[in-house]
Amino acid sequence: MTMNRSVRLKSRPVGMVKRDDFEITEEPLPEPGEGEFRVKVEYVSLDPAMRGWISPGKSYVPPVEIGAVMRAFAAGIVDKSNHPDYKPGDAVAGMLGVQHYAVSKGARCFKVDPAKAPLERWIGGLGMPGQTAYFGLLEIGKPKPGETVVVSAASGAVGSLVGQIAKIHGARAVGIAGGPEKCRYVVEELGFDACVDYKGGNLNEELKAACPDGIDVYFENVGGEILDAVLARMDMFGRIPVCGLISAYNSTEPVPGPMNFRSILVNRLTVRGFIVFDFQDKMAEANEKLGTWHAEGKLKMREDVREGGVDAFPDVLNLLYTGGNFGKLVLKL
Ligand code: NAP
């Protein structure tokens, strides 16, 4: 008999997640009820936000309960359905959790077309991370032609698209990434104008050289020292969409505020946090644009697909917080 295998939260982690913070459970396959369908999950998305989802305290979504299946975006194939809009064989992506089989009513789930892009890309550049780059940059960053857009975590799922979308809109794109290999990829393969290796020891000098006219838009993915270096180079009336602060997600100590906070005042900066779901009413527009640019070859996307199934989940998740991933991190089941 085929069994379902799920990753469940066992305890709230302190610092980086550990294998012991989760347990793998086996249970009979869930049966779809009336108006539901079952998905055989093939790829699970590993997202930096997962660390926040398993922490206690106030956030933009309630924390995953102890004992519950770990929350995750995932993609797979419908294998049984009592839902009028989904039939066996349909490829879908949505909030399906870290498990081999998931039952859904269709909420926050959408059909995808594997003929247009591989299944795993629909939880990457053509899914939530792509939408995040699109809304954060265009709705908050609002780059104008000729302006300089800087993005941190530039080789990653969100950052890689931010720079490419900035280029489509006529801006200069400058990435910040960890290591020469990622920086080379960002410039030579993604087409950014420059990329600064923040691990190289000369962040401030290299950022200045890469942004001789200052920075108009900073798409913030990491926080910490990188944010301070960028704040020191911001231009008047610059915009900072605050998308993520990954450098602090595993902190066990209070995180110091930016040293260069004064730059917000003297440069009249607009700093605005956002969550991709804030733009729910424009999701169709984002998906249409991302799909078109992808089909036209204007958006390059890279997935970092890891093997090992549900057992590998905690170790693979940690790659995000050490820069061990190179592209959109996905776990294959
Ligand atoms: P990703 O960039 O594919 O992977 C994470 C990357 O962050 C790592 O590869 C690493 O790149 C970098 N990083 C990790 N620790 C760091 C540190 N201490 N200092 C500097 N860089 C560090 O991940 P993603 O899915 O695209 O997410 C990027 C950011 O967007 C995250 O902050 C995430 O929380 C945020 N996000 C926000 C929303 C939203 O709705 N607001 C939605 C999706 C994602 P390097 O090797 O280059 O250091």
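Considering only residues that are of a type in the set (A, V, I, L, M), more than 16 Å from the ligand (Cβ to nearest atom) and assigned to a strand (DSSP E or B), which ones fall in segment 13-65?
24, 39, 41
Do you know which of the residues in segment 144-163 that are crowded, with 24+ Cβ neighbours inside 10 Å and more than 10 Å from the ligand (Cβ to nearest atom) is nearest to residue 330 (Cα to Cα)?
163
Tell me yes or no: at least one residue of segment 190-197 is within 16 Å of the ligand (Cβ to nearest atom), buried (at least 18 other Cβ atoms within 10 Å of the Cβ), within 20 Å of the chain's Cα centre (by Cα) and more than 21 Å from residue 302 (Cα to Cα).
No, because not a single residue in segment 190-197 is within 16 Å of the ligand (Cβ to nearest atom), buried (at least 18 other Cβ atoms within 10 Å of the Cβ), within 20 Å of the chain's Cα centre (by Cα) and more than 21 Å from residue 302 (Cα to Cα).
Go through segment 198-208 and count every residue that is within 12 Å of the ligand (Cβ to nearest atom) and either crowded, with 18+ Cβ neighbours inside 10 Å or polar (S, T, N, Q) (or both).
So the answer is 2.
How many residues does segment 245-275 contain that are within 12 Å of the ligand (Cβ to nearest atom), in contact with a helix residue (DSSP H, G or I) (Cβ under 8 Å, 6 or more places away or on another chain), farther than 16 Å from residue 60 by Cβ and outside any helix (DSSP H, G or I)?
2
When only residues in segment 104-129 that are small (Gly, Ala, Ser) and surrounded by fewer than 21 Cβ atoms within 10 Å (Cβ to Cβ) count, which is nearest to residue 323 (Cα to Cα)?
Per the criteria, the residue is 117.
Mind checking whether some residue in segment 227-244 is farther than 19 Å from residue 260 by Cα, under 21 Å from the mean Cα position of the chain (by Cα) and in a helix (DSSP H, G or I)?
no
For segment 64-84, which positions are touching a Lys or Arg at 6+ places or on another chain (Cβ under 8 Å) and either surrounded by fewer than 17 Cβ atoms within 10 Å (Cβ to Cβ) or not charged (D, E, K, R) (or both)?
Correct list: 64, 66, 67, 68, 69, 70, 76, 77, 78, 79, 81, 83.
Does residue 185 count as of a type in the set (Phe, Trp, Tyr) and either surrounded by fewer than 24 Cβ atoms within 10 Å (Cβ to Cβ) or at pLDDT below 95 (or both)?
Yes, satisfied.
Looking at 150, 187, which is the one that is over 26 Å from residue 36 (Cβ atoms) and free of Cβ contacts under 8 Å to residues at least 24 places away in the same chain?
187
Just one of (1) of a type in the set (A, V, I, L, M, F, W, C); (2) within 14 Å of the ligand (Cβ to nearest atom); (3) over 22 Å from the mean Cα position of the chain (by Cα) trips up residue 219, so point out which.
(3)
Those residues that are in contact (Cβ under 8 Å) with a residue 40 or more places away in the chain, within 16 Å of the ligand (Cβ to nearest atom) and of a type outside the set (A, V, I, L, M, F, W, C), I need them from segment 276-305; list them, please.
278, 282, 287, 300, 302, 303
Against the condition surrounded by 13 or more Cβ atoms within 10 Å (Cβ to Cβ), in contact with an Asp or Glu (Cβ under 7 Å, 6 or more places away or on another chain) and more than 24 Å from residue 323 (Cα to Cα), how does residue 10 come out, does it pass?
yes
Looking only at residues that are more than 9 Å from the ligand (Cβ to nearest atom) and among the aliphatic types (A, V, I, L, M) in segment 130-143, which one is surrounded by the most Cβ atoms within 10 Å (Cβ to Cβ)?
The extreme case among them is 137.
Go through segment 306-333 and count every residue that is under 21 Å from residue 76 (Cα atoms), within 13 Å of the ligand (Cβ to nearest atom) and not small (Gly, Ala, Ser).
Final tally of qualifying residues: 6.
This table checks each residue for (1) farther than 18 Å from residue 328 by Cα; (2) in contact with a Gly (Cβ under 7 Å, 6 or more places away or on another chain).
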position	(1), (2)
113	yes, no
126	no, yes
142	yes, no
168	yes, no
185	no, no
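The values are calculated or read from the model by the stated rules, or taken from the named source; none is laboratory data. These numbers were taken from a predicted model, which means no experiment stands behind them. Methodologically, a virtual Cβ is constructed for each residue, glycine included, from the backbone with ideal geometry; neighbour enumeration extends over all protein chains shown.
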